[in-house]
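Okay, so here's the structure we're looking at.
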Amino acid sequence: MKRRAFVQSALATAVTAALPANALWAAAAAARTRITGDINAVTGDGNEKVIEKAVLKELQASLRGQILLPGNAGYDAARHGWNGMIDKHPALIVRCTDAADITHAVNLARDYNLLTAVRAGGHSAAGKSVCEGGIMIDLSQMRGVRVDPNARAAWIQPGVLLGALDHETQLHGLAVPAGVVSHTGAAGLTLGGGFGKLSRTYGLTVDHTRYFDVVTAAGEFKRANVSENPDLFWGLRGGGGNFGIVTSFEYQLLPVGTDFLSGAVLHPIRDARATLEFFAEFQEQAPNELEASCTVVSFPNGKGFVSVSIFYSGDPAKGEAVVAPLRAFGKPMSDDIGVKKYLDLQQSTDRNVPYGQQYYLKAGFLNGIEPGLIDAIMRMVGNPKPFTQTINFTQVGGAISEFDMRATAYANRDAKLQIVSGGGWPKPVDEAEAWVAMLRKDWDTIYPYTKGFYINNMMGDESDQSIRANFGVSYDRLVELKNKYDPTNLFRLNANIKPTV
Ligand SMILES: Cc1cc2nc3c(=O)[nH]c(=O)nc-3n(C[C@H](O)[C@H](O)[C@H](O)COP(=O)(O)OP(=O)(O)OC[C@H]3O[C@@H](n4cnc5c(N)ncnc54)[C@H](O)[C@@H]3O)c2cc1C
């Protein structure tokens, strides 16, 4: 070899060896799955399809990430999400590391018309991010977050959890309004709209999303923002994962600070009716800076409590005056309202909804809390279940309702509250079906008071008609987008918009 060529190649080798990417390549190569034959998979319309060994090997060779097949180390961990009730077995899992991996996986899924699940944080209560017999495109390892404090912008990859986003943005006293449990995925939450403690003051997560990078069903990479593909930008802001796989998001951050007046006042379960009646009125008077929620928790032994929690986004001294009636009401068991760190608050309910426990929940929006609804809840409280049951009211409305209804696909901006009724138990039980039936029966009595639902809290038993009604005037426009970006309904495990082409 000539000396110059040798020096160049030695230098190139030394430089690449120093790059972390090289380590990733090496790790990926070491983690290659042994592909020993064809596999059987299921298509979107439920038929069987064989994926040939050569095709799988070609896919594997194209990835920096990894293919996982049943029986491989890591397969079981990858297919399980937040809700331990969900136990589905994809024919293959593609663990992606970048947009190129996602594109290769989408191309295979489309060419074979496979039943396709897309997983980010894995928090879907209905288990929409995993599938039986199809392909699971797993984004959970793509966890990059970058914050530019000068531009007040945060860029994230789709496997990022809310805790990581808050951790990085709060370093600079910044935040984007998002959910209240730190192990929730930012990707799924954002695509459905996204709301949390800051939303009544500043709006939804999608109201502060600057762009989405997307791989469409055709395997095309697109940027969606106000000027590039604005139709797609509209649809991704509340239309769920119907139009492609988002490979990165950018948020506009708000200079909110780090300390807020927040906390909960707890009352005994015997005062549940009076507390619910108080909350029904209190929440109606709330300014946009206040986000209040009320949770009835009832244990199998008939004991329990009712908590009213508050978060005030403005000056704590002003907040004290706003929450004074709450603190003066009744004879609370405890009251921990005070100035707290946003980062701590954002993790404070994590332990109540641990990952992997078994859950069933139903949710809907409300315009207010009617006396008949309080009666229905009191009947549930008087009839304890063999598991812990919770009924939660959380305020939405405020700034969420003040954004232009037609500017995004998010439905039900005018709702005032969300009610979530559910139960959980730590381990699989033989009685699970009967327990779910009890929760469904309770929901039947709550449902007539609701007006639409949040697509991110669907349980998978909603009809096509109810999804259409829920999107209301936006539905036809969503169908147009679906026809354009996903005409074969590759991305169907979501609040599904059915294509008509
Ligand atoms: C305990 C708990 C607390 C919650 N709190 C809140 C809250 O405070 N505020 C709120 O707004 N919501 C909340 N939610 C609902 C939450 O928004 C949804 O569960 C959401 O789907 C979570 O996103 P994920 O990435 O973790 O979900 P996943 O299960 O990974 O995905 C959910 C859906 O989004 C699709 N999807 C995910 N990523 C992508 C992507 N990159 N491209 C295309 N499609 C994608 C999936 O295919 C699936 O259909 C909560 C849920 C739970 C269980």
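The values are calculated or read from the model by the stated rules, or taken from the named source; none is laboratory data. Please read these numbers as outputs of a predicted model, since none were measured by experiment. We place every Cβ from the backbone using ideal geometry, glycine too, and count neighbours over all the protein chains shown.
Condition first: surrounded by 24 or more Cβ atoms within 10 Å (Cβ to Cβ), within 12 Å of the ligand (Cβ to nearest atom) and farther than 20 Å from residue 42 by Cα. Can you find one or more residues in the stretch 100-109 that meet it? Scanning the stretch 100-109 turns up no residue that is surrounded by 24 or more Cβ atoms within 10 Å (Cβ to Cβ), within 12 Å of the ligand (Cβ to nearest atom) and farther than 20 Å from residue 42 by Cα. Taking only the stretch 127-138 into account, find how many residues are of a type outside the set (D, E, K, R) and more than 9 Å from the ligand (Cβ to nearest atom). Counting residues in the stretch 127-138 that are of a type outside the set (D, E, K, R) and more than 9 Å from the ligand (Cβ to nearest atom) gives 5. If only residues of the stretch 110-126 that are among the hydroxyl-bearing types (Ser, Thr, Tyr) and assigned to a loop (DSSP other than H, G, I, E, B) are counted, the one that is nearest to the ligand (Cβ to nearest atom) is 124.
Counting residues in the stretch 142-150 that are crowded, with 17+ Cβ neighbours inside 10 Å, within 12 Å of the ligand (Cβ to nearest atom), modelled with pLDDT of 95 or more and within 25 Å of residue 65 (Cβ to Cβ) gives one or more.
Checked against the criterion of being modelled with pLDDT of 95 or more, in contact with a helix residue (DSSP H, G or I) (Cβ under 9 Å, 6 or more places away or on another chain), surrounded by fewer than 20 Cβ atoms within 10 Å (Cβ to Cβ) and of a type outside the set (S, T, N, Q), the stretch 307-315 has at least one qualifying residue. Within the set 275, 216, the sole residue that is more than 30 Å from residue 487 (Cα to Cα) and at pLDDT 95 or above turns out to be 275. Exactly one residue out of 498, 484, 441 is assigned to a loop (DSSP other than H, G, I, E, B) and away from the ligand (no atom under 14 Å from the Cβ): that is 498. Can you confirm whether residue 178 is in contact (Cβ under 8 Å) with a residue 24 or more places away in the chain, out of contact with any Asp or Glu (no Cβ under 6 Å at 6 or more places or on another chain) and in the same structural domain as residue 88 (by TED's automatic domain parsing)? No.
Under the condition of being assigned to a helix (DSSP H, G or I) and either of a type outside the set (Phe, Trp, Tyr) or under 28 Å from the mean Cα position of the chain (by Cα) (or both), the residues counted in the stretch 246-288 number 14. Counting only helices (runs of 4 or more DSSP H) that fall entirely inside the stretch 329-405 and contain at least 1 residues that are at pLDDT below 95, the qualifying elements are 371-381. Scanning the stretch 215-237 for residues that are touching a helix residue (DSSP H, G or I) at 6+ places or on another chain (Cβ under 7 Å) and of a type in the set (A, V, I, L, M, F, W, C), we see that the one that is surrounded by the most Cβ atoms within 10 Å (Cβ to Cβ) is 236. Return yes when residue 243 is under 14 Å from residue 213 (Cα atoms), of a type in the set (A, V, I, L, M, F, W, C) and part of a strand (DSSP E or B) and no when it is not. Against the criterion (under 14 Å from residue 213 (Cα atoms), of a type in the set (A, V, I, L, M, F, W, C) and part of a strand (DSSP E or B)), residue 243 does not qualify. Which condition breaks for residue 404 when tested against (1) of a type outside the set (Ser, Thr, Tyr); (2) loosely packed, with under 15 Cβ neighbours inside 10 Å; (3) more than 16 Å from the ligand (Cβ to nearest atom); (4) more than 25 Å from residue 284 (Cβ to Cβ)? It is condition (4) that residue 404 fails. Within the bounds of the stretch 321-336, is there any residue that is away from the ligand (no atom under 16 Å from the Cβ), surrounded by fewer than 18 Cβ atoms within 10 Å (Cβ to Cβ), polar (S, T, N, Q) and closer than 29 Å to residue 86 by Cα? No, the stretch 321-336 has no match at all. For the criterion of being of a type in the set (D, E, K, R) and either within 16 Å of residue 235 (Cβ to Cβ) or part of a helix (DSSP H, G or I) (or both), residue 414 fails. Here 101, 111 are screened, and the one residue that is in contact with a Gly (Cβ under 6 Å, 6 or more places away or on another chain) and among the acidic types (Asp, Glu) is 101.
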